[in-house]
1. Hey, does the range 26-37 have a residue that's surrounded by fewer than 16 Cβ atoms within 10 Å (Cβ to Cβ) and within 14 Å of the ligand (Cβ to nearest atom)?
2. Could you check, for the range 27-39, whether at least one of its residues is touching a Phe, Trp or Tyr at 6+ places or on another chain (Cβ under 7 Å) and closer than 25 Å to P245 by Cβ?
3. Kindly indicate which of L351, L347 is out of contact with any Gly (no Cβ under 8 Å at 6 or more places or on another chain), crowded, with 17+ Cβ neighbours inside 10 Å, of a type outside the set (K, R) and assigned to a helix (DSSP H, G or I).
4. Could you say which residue among F40, F14 is assigned to a loop (DSSP other than H, G, I, E, B), within 15 Å of the ligand (Cβ to nearest atom) and more than 30 Å from A133 (Cβ to Cβ)?
5. Residue by residue through the range 194-207, note down the ones that are more than 10 Å from the ligand (Cβ to nearest atom) and within 13 Å of I27 (Cα to Cα).
6. When residues of the range 97-127 are filtered for being free of Cβ contacts under 8 Å to residues at least 40 places away in the same chain and crowded, with 20+ Cβ neighbours inside 10 Å, how many remain?
7. Give me the residue from the range 167-192 that is within 13 Å of the ligand (Cβ to nearest atom) and under 12 Å from V51 (Cβ atoms) and, out of that set, surrounded by the most Cβ atoms within 10 Å (Cβ to Cβ).
8. Could you list, in sequence order, all residues of the range 212-262 that are β-branched (V, I, T) and under 18 Å from the mean Cα position of the chain (by Cα)?
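The values are calculated or read from the model by the stated rules, or taken from the named source; none is laboratory data. Being a predicted model, the structure only gives us computed values, none of them experimental. Glycine gets a Cβ as well: all are built from the backbone with ideal geometry, and neighbour counts include every protein chain shown.
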Amino acid sequence: MESIWQKTAQKPQFPVQQQDMQTDVLIVGGGFTGVLCAYFCKQEGIPYILVEKDAIGAHISGHTTAKITVQHGLCYQKIEKSYGKEAARQYYAANRDALETYRQLCKTIDCDFEEQEAVVYARRKPECEKITAEYSLYQTLGIPAKLCDGKGLPFSVLGAVSVKGQAQFHPLKFLYAIARDLEIYENTFVKRFDDTRAYTNRGKIDAKRVVIATHFPFVDRAGLYFMKLYQQRSYVFALENAEPPDAMCIGVPENSLSFRRFQGLLLFGGGGHKTGKSDGGYPVLEKLRRLYYPKSRIQSRWAAQDCMSLDGIPYIGRYAGLLPNFYVATGFNKWGMTSSMAAARILTDMLVGRNNENAEVFAPNRSIWKPQLLVNGLNSAGNLLLPLPHRCTHLGCALHYNRQEHSWDCPCHGSRFSESGEILENPANRPLG
Ligand SMILES: Cc1cc2nc3c(=O)[nH]c(=O)nc-3n(C[C@H](O)[C@H](O)[C@H](O)COP(=O)(O)OP(=O)(O)OC[C@H]3O[C@@H](n4cnc5c(N)ncnc54)[C@H](O)[C@@H]3O)c2cc1C
């Protein structure tokens, strides 16, 4: 379903691959991650080619809510607990620099960029305690925050913490402007690799290095991304006649309601669930819309999904020891605006051989021994054994029918197929047979 961004931006056209090609860096995927990587490669003078199987911004990047913030839920306590204060500092610095880069770039791009506070709100007492702890950590990390009230949310909150100087924008106006002069080939689908040679639906591309910016990485012979990631689907209504809160807001628990303003509309997000499960979606969001904004009207609605990592930190860096010339950026945990900018910076630094002092916290080769690994493993094992007729072309899990969106969805890794078997979301790289 078209998002409000797709309805209100003019997309530039790009050619398809016409012949076999050669380059230094092949970037696969034309969302924020791939396009920003291409933008910085061009600035550094690195020969590159970006290929996109559909159209740039057509997938998750065109269906985001586009809050640009360093406040990713209550992420800093989690990072500090797992990896220490230096890791939390690196995470903050990478995202703060990303926000600053957007701020600079948006000075000359017409993309509805606006400064806005970011807020995490709590509705229950234990959530409030977490807010207070996150606020103390913000102070030691130098994050400009304050405890605040509900900012005009449509329900009462017990506590909230806001970060100043964050932003929101129109993601596709930005992406299309950045992409305009880049070497991009659309409708060019990488089917497989032989070392760093890519075989596409149009021919071959010989590269020295490859950046996998395909949202869910599809090269399964190394890196264990099929064990390290799962996908969460979320739903958004653009509402007329609904007063937005005075900040970009999100609740403490996973899949809580999200709010931001866009022009005269409220972007109201929620109903989230693991892709392939049926415990959320538009009906849940609709019930809440009627409760909190009974006089509102739905102007547009859309759904999308993002990759969730084992520890809440993206995987950005070398793909795997066995693939030394491959790089990756994934697992943005629904915070891909600053994360994709941070990724593009880190990967470009790696490509030119420059040290990036914030890269370590994102290194994909960090330990996988997290409780979520067991959850992912048990879930996949259960689904592999289910005797259902439709099987995913990625790793063979049983597909579940999604009645709301009329698709076949994989609860293991989040691939989705249309009723006629075409790929809607990867990692699957082949349609249903
Ligand atoms: C509902 C929702 C709301 C969100 N809101 C926010 C927010 O407010 N703030 C925030 O920071 N983040 C938010 N996010 C997260 C953010 O939107 C994503 O993390 C980010 O857009 C992902 O960008 P990407 O480039 O990695 O993926 P994508 O945009 O999906 O790009 C990947 C591209 O790779 C292409 N591709 C895949 N396989 C191949 C292949 N084999 N060959 C060629 N091309 C291929 C695809 O066609 C696709 O275009 C939200 C996510 C969701 C789902």
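1. no
2. No - not one qualifying residue is present in the range 27-39.
3. L351
4. Exactly one of F40, F14 is assigned to a loop (DSSP other than H, G, I, E, B), within 15 Å of the ligand (Cβ to nearest atom) and more than 30 Å from A133 (Cβ to Cβ), namely F14.
5. Initial filter on the range 194-207 (more than 10 Å from the ligand (Cβ to nearest atom)): 194-197, 199, 202-207.
Answer for the range 194-207, where residues must be more than 10 Å from the ligand (Cβ to nearest atom) and within 13 Å of I27 (Cα to Cα): T196, R197, I205, D206, A207.
6. 0
7. T188
8. Initially, the range 212-262 is screened for residues β-branched (V, I, T), giving 212, 214, 219, 236, 250, 252.
Once the filter is applied, which keeps residues that are β-branched (V, I, T) and under 18 Å from the mean Cα position of the chain (by Cα), the range 212-262 yields I212, T214, V236, I250.
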